[in-house]
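The values are calculated or read from the model by the stated rules, or taken from the named source; none is laboratory data. Here the structure is a predicted model, which means the values were calculated and not measured. Cβ placement follows ideal geometry from the backbone for every residue including glycine, while neighbour counts extend to all protein chains displayed. We work out accessible area using only protein heavy atoms, side chains counted, and drop any ligands, DNA or RNA first. Shrake-Rupley method; radii C 1.70, N 1.55, O 1.52, S 1.80 Å.
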Amino acid sequence: MSFNAIVDAAARLLRENGYEALTTNRIAEQAGVGIATLYEFFPNKEAIVAELTRRLMAKVEAEMEEAFAKAMGLDPWPGVTLMTMRAVGALVEERDVLRVLLRQVPFVPQLPAIVETRAALGALSQRVRIQAAGALDLPMPEEDAWLISEMLYNAILEVAFLDVSERKRAELTKELARLTYRMAVGRDPEAV
């Protein structure tokens with residue numbers, strides 16, 4: 001379908017050349033459609049970027065919901081580790097495109113897809129807090145869970161965006177999980 005081809009072409013071009021080089025003509029050419037076809041679906045390149053962002057954020061949300069469901073059957077340390085690894089993994093898969101979107105496109109952080117995903121991840125952190133209440137040592141549980149989720153959001157982005165080996169990324173991810181556990185539980189996990 002031309003709609004998907006256009007969005008996929010925009011992703012490839014962003015990954016390869018960044019936002020400044022992105023034009024509707026280049027997108028149409030890369031998608032193998034005429035410019036008129038592109039404009040049937042999208043009024044401008046910003047609308048294409050918004051749709052691409054929406055798709056990527058939907059994948060991240062779905063991945064985190066699945067991770068949460070799996071983590072609920074685990075002890076706290078393996079659960080925190082699983083969720084942290086899955087969060088980084090969800091971003092690494094499309095990190096080159098996400099890095100361009102979040103660092104080069106000024107309007108992306110205000111897009112509904114980003115705002116809604118951040119809100120959904122914040123709500124997820126509250127669900128984690130409620131589910132794990134007995135294991136947590138948070139003086140202000142709701143506020144502390146929010147702060148931890150905000151710090152995690154940014155740290156996970158940075159770990160995912162780093163140009164390092166997968167081994168190094170795994171080490172950093174495990175360390176981020178350990179620090180998260182320490183913040184939430186008040187001590188290091190027994191077995192790291």
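Residue selection: residue 137 fails the criterion of being outside any helix (DSSP H, G or I) and without any contact (Cβ under 8 Å) to a residue 40 or more places away in the chain. Selection of first residues in segment 108-131 that are buried (at least 19 other Cβ atoms within 10 Å of the Cβ) and of second residues that are outside any helix (DSSP H, G or I), restricted to Cβ pairs under 8 Å at least 6 apart or on distinct chains, gives the following pairs, ordered by first then second residue: 129/136; 129/138. When residue 76 is tested against (1) under 25 Å from residue 16 (Cα atoms); (2) open to solvent by 50 Å² or more (accessible area, probe 1.4 Å), only condition (1) is not met.
Would you please name the residue that is farthest from residue 97 (Cα to Cα), looking only at residues in segment 148-187 that are outside any helix (DSSP H, G or I) and of a type in the set (A, V, I, L, M, F, W, C)? My answer is 164. On the stretch given as segment 68-118, residues that are farther than 25 Å from residue 12 by Cβ and over 14 Å from the mean Cα position of the chain (by Cα) total 15. With respect to residue 135, determine if the residue is open to solvent by 30 Å² or more (accessible area, probe 1.4 Å), touching a Pro at 6+ places or on another chain (Cβ under 8 Å), at negative phi and not polar (S, T, N, Q). In short, yes. Looking at the structure I just gave you, is residue 11 among the hydrophobic types (A, V, I, L, M, F, W, C) and open to solvent by 20 Å² or more (accessible area, probe 1.4 Å)? No. Cβ-Cβ distances below 8 Å connect the following pairs, each with a first residue in segment 30-54 that is within 18 Å of residue 16 (Cβ to Cβ), a second residue that is in a helix (DSSP H, G or I) and open to solvent by 60 Å² or more (accessible area, probe 1.4 Å), and a separation of six or more residues or different chains: 30/12; 31/8.
Restricting segment 146-181 to residues that are in contact with a Gly (Cβ under 9 Å, 6 or more places away or on another chain) and hydrophobic (A, V, I, L, M, F, W, C), the residue that is surrounded by the most Cβ atoms within 10 Å (Cβ to Cβ) is 160.
Checking the stated criteria, residue 62 turns out to be among the small types (Gly, Ala, Ser), out of contact with any Ser or Thr (no Cβ under 7 Å at 6 or more places or on another chain), open to solvent by 50 Å² or more (accessible area, probe 1.4 Å) and part of a helix (DSSP H, G or I). Candidates in segment 17-33 are the residues that are closer than 18 Å to residue 55 by Cβ and assigned to a helix (DSSP H, G or I); of these, the one that is most open to solvent (accessible area, probe 1.4 Å) is 30.
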